[in-house]
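The values are calculated or read from the model by the stated rules, or taken from the named source; none is laboratory data. Every value quoted in this text rests on a predicted model; they were computed, and no experiment measured them. Here the Cβ positions follow ideal geometry from the backbone for every residue, glycine too, while neighbour counts run over all protein chains shown. When the accessible area is computed, the model is the full protein with side chains, heavy atoms only, and any ligands, DNA or RNA have been set aside. Shrake-Rupley method; radii C 1.70, N 1.55, O 1.52, S 1.80 Å.
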Amino acid sequence: MAGWQFWIDRGGTFTDVVARRPDGRLLTHKLLSDNPARYADAAVAGVHALLDGSAAPVDSVRMGTTVATNALLQRTGERTVLVVTRGFRDALRIAYQNRPHIFARRIELPELLYERVIEVDERVAADGTVLRPVDPDALAGPLRQAYDDGIRAVAVVCLHAHLHPQHERAVGALAERIGFPQISLSSEVSPLMKLVPRGDTAVVDAYLSPVLRRYVRQVADELSGVRLLFMQSNGGLAEAGQFRGKDAVLSGPAGGIVGMARLSRLAGYDRVIGFDMGGTSTDVSHYAGAYERVPTVQIAGVRLQAPMLDIQTVAAGGGSVLHFDGSRYRVGPDSAGADPGPACYRGGGPLALTDANVMLGRIQPQHFPHVFGPGGDQPLDDALVRERFTALAETIRRHTGDDRTPEQVAEGYLRIAVAGIANAIKRISVQKGHDVTRYALTTFGGAGGQHACQVADALGIRTVLVPPMAGVLSALGIGLADITALREQSVEAPLDEAALPRVMRTADDLERAARAELRAEDVPDEAVRVTRRARLRYDGTDTPLTVALTDAAGMRAEFEELHRRTYSFTLDRPVVVESLEVEATGVTEPPDLSALAPCAGAPANGTPATTVRLHTGGAWREVPLHRREELPQGATVTGPAIITEASATTVVDDGW
C-alpha cells in the first residue's frame, strides 16, 4: 500500500476516524463532532491529527456523514421550488392523511421542505398518451421569478412520470436554461409508482444535494487531490460526485451495519442483531446472511422512496437527556449532543444517559478519552455528576416521597433506556417472525458495550459479541464497504412467461446503467458483481415483497413462501411485477484485519491490572477492570467486571 487510507464516521456527538497507515497498521482517533473553538470540521481535523506531519500521500478518504440528516431534521437545506402537474399543488402536503396520534385534537404537520409551488399545465395518461403537452412559455415566467428571488433548487414531479418521463425532462431542460444549479426530476431520482413518495424523494434530493455538494467541496479543498468516497444509505460507497441527497440520510449508520456483518461473520456468527449505541441515538438492525433493505422509509416527516438498510432508530444514546416531570422518569428524545454534551463533559450540559453510567461506575473517567474542557485534554467530571444526581434524587423525594438513592435513580433511567432499545429490536426481529433467542447480539458504538448485557437479558439472548474496535466500528465498516451502484424502475407487468421478456429487457437496461456508473468510477468490469431483484405483489394489493429475479415459476414460489412467512397466508390471485432493482457492486479487496487480533504478548491468565468500584446488584462492589488489548485469546472474564479499550467500555454484568 503506497499511502494512507482514512475511514471516517461523522456522528451527531463524536467523529470516529480509522486510518490505515502505509505499512498496513490501523490507528484510531475519536473527537467531538462539534467543537468550533478548536476546529472547523471534525473529519478534516481527525485526518490531520493522525497524519501528524507524515510525508506519505493520502490515497483515499471514505466517509459517512450526518450533514444531510442534520439538514433534514433542522430544516436547513437549500431553498427549493416544487414544479408539479396542475391540480396537484397540495398533493405532497395532504399526502395520505396519516394520523400518527389518533386522538390528538391539534394536528401539527411537519414543516415543508419546499417554499414555493409552480403548477405546470401538462398531463400524460397512465398508458403514455399525451393529454396536454408542456407549455414552456407559460412556465418560464414563474420559474425565472423563483430564480430571481434567490431560489436555486428545483424538484419536478409530474403524474405518471415514472413510466413516461418526457414532460419532466422538458421542464428540467427549461430550468437548466434559466440557470438553476440543482434540478431533481422524480423520474430520475425515484422512477417508481406512487406520486407522494416519488415526489417527496425528489424534493428531498433537491433540498439536500446542494448542502452535500458544499460539504464535499469543503473537504476536498482541505484534502486536495485525495479520492473521496461517501457511504450511502443502501450500504454501498459512491464517489463524491455521485453522492446525492436522497442516498445520504442514513450514511453514518449504514457503515456500522456493514462492519457488524463482516466482523460477525469472521467470528463465526451469521445470524445477528446489530446494536449500535452512540452519543445521540441507538440504531438496531437484523442480519441473517444478507443485508435487509426497505424500499420506503419516513424520516423527519418526509417519505423517502430509495433503497435503504433496514435500521430502527431509538432516541436513546449516551447524550439522551434525563427528565423528571414531577411524577415519572423519561429518557430523551432530546439529546445534549456534543456541545454542550452531558453534564460530565464539562460544557454545562444537562444530566444524560452517559452521566447515569458515570454515576454507577459503568464508565470510569480515567479510562475514557480525555478530550473535554477548554483545552480538550481533561477527563469526565464525575464529581459534578454525583452532585447533580444527588440534587435530582432530592427533587424526586420532594415531589413523590420516594426516597431512592442517587444510584437507584441512575439505575432507573438505565432500565427505561434498555426497555426502549429492547422494544426496537423486537420490531425488526420478533414482529417479523424471527426467534431472537437464536441470534447473537453484536454491539458497537461508543456506548453499546455499557448496556449490551442488560439488553440481551431483556430479550433472552445468550450470546453477546463485542467486535474489536467496537467503539469505532461504523468507521471501520466504511473501510470494509464496496462501491455500489443501484438502479430501480417501475414495470407494472403480470408475472407470466409472456411478459417476462419485457421484464428482462428492462433489467438488462438497468444493469448496463449501473455497470457504466462503476466503470466511470474506475472499477474494472471483472470486479463487478450484479444482483437482480424483483418486487412482486398480488394483483389488487399494494404491499410488494422482494425476491430474486429468475424465471416466472421460481419467482412465484419464492414470493408465496415469503408472503406466507410474513403474513401467515397466501391468496389465489395473479401476481404482478411492480418494479425491478439491479445492484452492481465493485468488489474490493478487504483490508488486512490481522491487526485486530489479541495482543500476542498478553498475560496468559488475563489478570486484571486494577480493580474499580461498580454499583451492581444494589450495592457498590470492587470489580476487576481489564484492558482488552491485554486479554489473551480464549480468556474468560466472569461478571461483574469492566473491559476497557481505546474507544469503548464493555460492562460484563452479573450472570455473564
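If you average over every viewing direction, what projected area does the convex hull of the Cα atoms of the stretch 152-310 give, in nm²?
11.4
Taking the Cβ-Cβ separation of residue 96 and residue 121 as r and a Förster radius of 22 Å, what is the calculated FRET efficiency to the nearest 0.05?
0.25
Can you give me the Kirkwood hydrodynamic radius for the chain, using every pair of distinct Cα atoms, in Å to one decimal?
Taking the inverse mean of 1/r over all distinct Cα pairs, the chain comes out at 26.6 Å.
For the pair residue 562 and residue 144, how long in nm is the line joining their label points, each one 7 Å along Cα→Cβ?
Those two pseudo-labels are separated by 5.0 nm.
Just grab the label-to-label distance for residue 611 and residue 638, each label 7 Å out from Cα along the Cβ direction, in nm (one decimal).
Those two pseudo-labels are separated by 1.5 nm.
Could you tell me the extents of the stretch 53-202's C-alpha atoms along the three principal axes, largest first, rounded to whole Å?
65, 48, 33 Å, listed from the longest principal axis down.
Ordered by residue, what ³J(HN,Hα) values in Hz, to whole numbers, does the stretch 158-174 give under the Karplus form 6.51 cos²θ - 1.76 cosθ + 1.60, where θ = phi - 60° and Gly and Pro are x?
Going residue by residue, I get 10, 4, 6, 5, 5, 9, 9, x, 4, 5, 4, 5, 5, 5, x, 5, 5 Hz, with x marking Gly and Pro.
Whenever you get a sec, line up 287, 567 from highest to lowest accessible area (probe 1.4 Å, protein heavy atoms). Each step should come with its number before you reach the end.
Working: 287 5, 567 90 Å².
The most accessible residue leads, giving 567, 287.
So for the pair residue 270, residue 334, with labels modelled 7 Å out along Cα→Cβ, what separation do we get in nm?
Label at residue 270, label at residue 334, 4.8 nm between them.
What do you get when you divide the Cα radius of gyration of the stretch 345-438 by 2.2 N^0.38 Å, with N the number of residues?
Cα Rg divided by the expected 2.2 N^0.38 Å: 1.38.
Which FRET efficiency value, to the nearest 0.05, is calculated for residue 70 and residue 383 with the Förster distance at 45 angstrom and r the Cβ-Cβ distance?
0.85
Can you compute the radius of gyration and Dmax for the stretch 477-522, using only the Cα atoms, both in Å?
Final numbers for Rg and Dmax: 14.4, 44 Å.
Restricting attention to the stretch 467-531, which GluC sites (Glu not before Pro) occupy a DSSP loop and are surrounded by at most 11 other Cβ atoms within 10 Å?
Of the GluC sites (Glu not before Pro), the ones in loops of the stretch 467-531 whose Cβ has at most 11 other Cβ atoms within 10 Å are 497.
How compact and how long is the stretch 231-336, expressed as Rg and Dmax of its alpha-carbon atoms in Å?
When restricted to Cα atoms, the stretch 231-336 yields Rg and Dmax of 15.8, 52 Å.
Around residue 464, which amide H atoms from residues at least 5 apart in sequence, or from another chain, sit under 5 Å from its own amide H, with H modelled in the peptide plane?
Residues meeting the criterion, in which the H sits 1.01 Å from N, are 441.
Amide H of residue 626: which non-local residues (sequence gap of 5 or more, or other chain) have their own amide H closer than 5 Å, using H built in the peptide plane?
642, 643, 644
Provide, for q = 0.15, 0.16, 0.20 Å⁻¹, the log10 of I(q)/I(0) from a solvent-free Debye sum over equal Cα point scatterers in the stretch 408-560.
-0.99, -1.02, -1.14
Can you divide the C-alpha Rg of the stretch 189-240 by 2.2 N^0.38 Å and report the result to two decimal places?
Cα-based Rg divided by the globular estimate yields 1.41.
If R0 is 22 Å, what FRET efficiency do you get for residue 499 and residue 571 from their C-beta distance, rounded to 0.05?
The formula returns an efficiency of 0.70 here.
Average the reciprocal distances over every distinct pair of alpha-carbons in the stretch 1-136, invert the result, and give the Kirkwood radius in Å.
19.8
Students sometimes get this wrong: rank 620, 4, 656 by accessible area, probe 1.4 Å, all chains present, largest first. Write out the running numbers ahead of the final one.
Details: 620 75, 4 10, 656 55 Å².
Accessible-area ranking of 620, 4, 656, largest first: 620, 656, 4.
Cut-off under 12 Å on the C-alpha distance; same-chain residues fewer than 8 positions from residue 426 excluded. Which aspartates and glutamates are left, in chain and number order?
435
How much of residue 282 can a 1.4 Å solvent probe reach, expressed as accessible area in Å² and rounded to 10?
The accessible area comes out at roughly 0 Å².
Where in the stretch 218-236 does the label zone of residue 588 land, with the point 7 angstrom along Cα→C-beta and an amide N cut-off under 19 Å?
Output list for this probe position: 219-221, 223-236.
Multiplying the sequence separation of residue 431 and residue 59 by 0.36 nm and subtracting their Cα-Cα distance, what value in nm do you get?
Full extension of this stretch gives 129.5 nm more.
Give me the net charge of residue 200's neighbourhood, meaning all other residues with Cβ under 14 Å from the Cβ of residue 200; Lys, Arg count +1, Asp, Glu -1.
Working: positive: 93, 194, 198, 246, 303; negative: 90, 111, 205.
Net charge in that neighbourhood comes out at +2.
Considering only protein heavy atoms and a probe of 1.4 Å, how much of the accessible area of the chain is carbon and sulfur, as a whole percent?
49
Based only on Cα atoms, what Rg/Rh ratio does the stretch 35-111 have, Rh being taken as Kirkwood's radius?
On the Cα set of the stretch 35-111, Rg over Rh gives 1.22.
What accessible area per residue comes out for the stretch 1-135, rounded to a whole number of Å², with a 1.4 Å probe?
Dividing the accessible area of the stretch 1-135 by its residue count gives 52 Å².
Can you sort 407, 558, 589, 119 by 1.4 Å-probe accessible area, starting with the largest? Walk me through the numbers on the way to the answer.
Values: 407 20, 558 80, 589 170, 119 45 Å².
Largest accessible area first, the list is 589, 558, 119, 407.
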